[in-house]
Protein chains: 4
Amino acid sequence: MRVLKKTIRLKIRFSEVDAMRIVWHGAYAKYLEDAREAFGSEFQLGYDLIAENGFYAPLVDFSIQYKQPLRYGMCPEITIVYKATEAAKIVFEYEIRNPEDNSLMTTGRSVQVFMDGDYQLVWSTPEFYEEWKKRWGQSST
Amino acid sequence: MRVLKKTIRLKIRFSEVDAMRIVWHGAYAKYLEDAREAFGSEFQLGYDLIAENGFYAPLVDFSIQYKQPLRYGMCPEITIVYKATEAAKIVFEYEIRNPEDNSLMTTGRSVQVFMDGDYQLVWSTPEFYEEWKKRWGQSST
Amino acid sequence: MRVLKKTIRLKIRFSEVDAMRIVWHGAYAKYLEDAREAFGSEFQLGYDLIAENGFYAPLVDFSIQYKQPLRYGMCPEITIVYKATEAAKIVFEYEIRNPEDNSLMTTGRSVQVFMDGDYQLVWSTPEFYEEWKKRWGQSST
Amino acid sequence: MRVLKKTIRLKIRFSEVDAMRIVWHGAYAKYLEDAREAFGSEFQLGYDLIAENGFYAPLVDFSIQYKQPLRYGMCPEITIVYKATEAAKIVFEYEIRNPEDNSLMTTGRSVQVFMDGDYQLVWSTPEFYEEWKKRWGQSST
């Protein structure tokens, strides 16, 4: 199966650094969001497409492992990888690396489900997402 | 004219403190928002009422003067004061004080206008807001 | 072993709600932080104590399961529970519940380690933390 | 006097959009910060230089005028302009424009002062800043 992934460069903002002079752990949610947006833009799976089809795709699971602290002035890279699944979910894994020595700084994972306009969970895979999977070679059927 | 105001206590979060070990200037927007929400709750002028009447009330002007830095561990107080105006606007002024010596830490001001559901600016005062003003003694008519 | 836990009420800010009209997943990091600060205040394990002893306690692992969306206007409660461990770590588990029907909205977990002033990982439990554990009945030795 | 300015493109994040489906007013502080960092990088006036010289440069005045709302999907441009002043201050003005029709979306202004390592306000212009001004043709002396 084709591996869909995208790497972007992050810029650490002064305001993201806390009194320990490292990036505050909560700021990473924005980095992972940036990676998802870049992925959605590259592979046409953005919020707009999901919304146009009448769905929301909220996160239901989110985890991060902070292996080495990020500091102000660093320009790390984040790679987002799409993980194919049979379930009606969008699953991504993330890696943040320091491009200077390719050392692994952070890993993460997010799971999104689909909700309809009434915020009811959608158990079966929406048609537009099934088509997206086929188009990008991520469907097992 | 009756002065409508409300004071609440703020709690400085560790994550709001930057590498200078003072509260990051952008974090104050949340403090002023907390004050507006407390005001809205006390004087029945919350986002819900505005939305129920078919309007948005986005900020169009926002300014803060940082007179003394806030630090982690401080429990300052913020006071929000409603400023009556003839225009179709909601104007608030803010003061953050250190209750230990009543010293003035921060001042601020926000101006909100009304937009209809199509994001068009509403030039005349919405009826529900005119009623609100009368009810709370803020109307000059 | 005595269970150390603390429950506080959360207030959902308008700015924490996203275009899906539910709380943005990244905003929960602040809720969990609020719970840690309340715990630290109640059981004397705050950032200040850790800093006074020459350590940082950055998060190295963070995960959240979003079971039901939080919406603007809700006043949910968050409970933080200290999980005793032999390792030189501070481990907390979290639950956010809707007090109206006690339904479980969110679960989470955070792991903090100790770093010295040079940002080097500390493998053995710092003395002040060992003492803290004994004082609060969390030590197995 | 030479005009020092820098323009960068902004990317609106989904998480920066509020329930009104426009960018939350408090999110602009990050946009202006991005502009300051880009300016500091281009004209060598970053936080690092200031810190190396033993100073902090906190904001003491900050104001924004929101003329037209920013929406998700927009790629506006922000221009930061350095405003020369005799005082021991760093003053910037900002403009956010929609590059599609060059319409003005937002204006802003920030004032920074210098504090020494003990958080005491510095009234006279620090030497390194005086030199910076001369180097970039911003000094009247």
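When you check B:SER140 against the structure, is it touching a His at 6+ places or on another chain (Cβ under 9 Å) and touching a residue at least 12 places away in the same chain (Cβ under 8 Å), yes or no? Against the criterion (touching a His at 6+ places or on another chain (Cβ under 9 Å) and touching a residue at least 12 places away in the same chain (Cβ under 8 Å)), B:SER140 does not qualify. Taken together, the residues in the stretch B:84-125 that are in contact (Cβ under 8 Å) with a residue 12 or more places away in the chain and assigned to a strand (DSSP E or B) amount to 22. Every residue in the stretch A:1-16 that is open to solvent by 100 Å² or more (accessible area, probe 1.4 Å) and either of a type in the set (Val, Ile, Thr) or under 18 Å from the mean Cα position of the chain (by Cα) (or both), please. Within the stretch A:1-16, A:ARG2, A:LYS5, A:ARG9, A:LYS11 qualify. Reported count of residues in the stretch A:76-94, each being over 22 Å from A:TYR47 (Cβ atoms) and open to solvent by less than 10 Å² (accessible area, probe 1.4 Å), is 1. Residue count for the stretch C:11-54 satisfying the condition of being farther than 20 Å from B:VAL17 by Cα and in contact with a Leu (Cβ under 8 Å, 6 or more places away or on another chain): 5. When D:ARG97 is tested against (1) modelled with pLDDT of 95 or more; (2) open to solvent by less than 50 Å² (accessible area, probe 1.4 Å); (3) within 22 Å of D:ARG13 (Cβ to Cβ), only condition (2) is not met.
Scanning the stretch A:3-26 for residues that are away from chain C (no Cβ under 12 Å), assigned to a loop (DSSP other than H, G, I, E, B) and of a type in the set (Val, Ile, Thr) gives A:VAL3, A:ILE12. Here B:ASP48 passes the criteria (1) more than 10 Å from chain D (Cβ to nearest Cβ); (2) assigned to a strand (DSSP E or B) except the one numbered (2). Going through (1) under 23 Å from A:SER63 (Cβ atoms); (2) within 14 Å of chain A (Cβ to nearest Cβ); (3) open to solvent by 40 Å² or more (accessible area, probe 1.4 Å) one by one, C:GLN112 falls short only on (3).
Could you go through the stretch D:59-75 and let me know if any residue there is within 14 Å of chain B (Cβ to nearest Cβ), open to solvent by 20 Å² or more (accessible area, probe 1.4 Å) and farther than 27 Å from B:TYR31 by Cα. So far as the stretch D:59-75 goes, yes, one or more of its residues are within 14 Å of chain B (Cβ to nearest Cβ), open to solvent by 20 Å² or more (accessible area, probe 1.4 Å) and farther than 27 Å from B:TYR31 by Cα.
Reported count of residues in the stretch B:45-54, each being among the hydrophobic types (A, V, I, L, M, F, W, C) and crowded, with 19+ Cβ neighbours inside 10 Å, is 2.
Applying the condition of being within 11 Å of the chain's Cα centre (by Cα) and more than 9 Å from every other protein chain (Cβ to nearest Cβ) to the stretch C:27-44 and asking which residue is surrounded by the fewest Cβ atoms within 10 Å (Cβ to Cβ) yields C:ALA38.
The values are calculated or read from the model by the stated rules, or taken from the named source; none is laboratory data. Worth saying up front: this structure is predicted, and the values here are computed from it rather than measured. All Cβ positions, glycine included, derive from the backbone under ideal geometry; neighbour counts span all protein chains shown. The accessibility values were calculated without ligands, DNA or RNA, using every heavy atom of the protein model including side chains. Shrake-Rupley method; radii C 1.70, N 1.55, O 1.52, S 1.80 Å.
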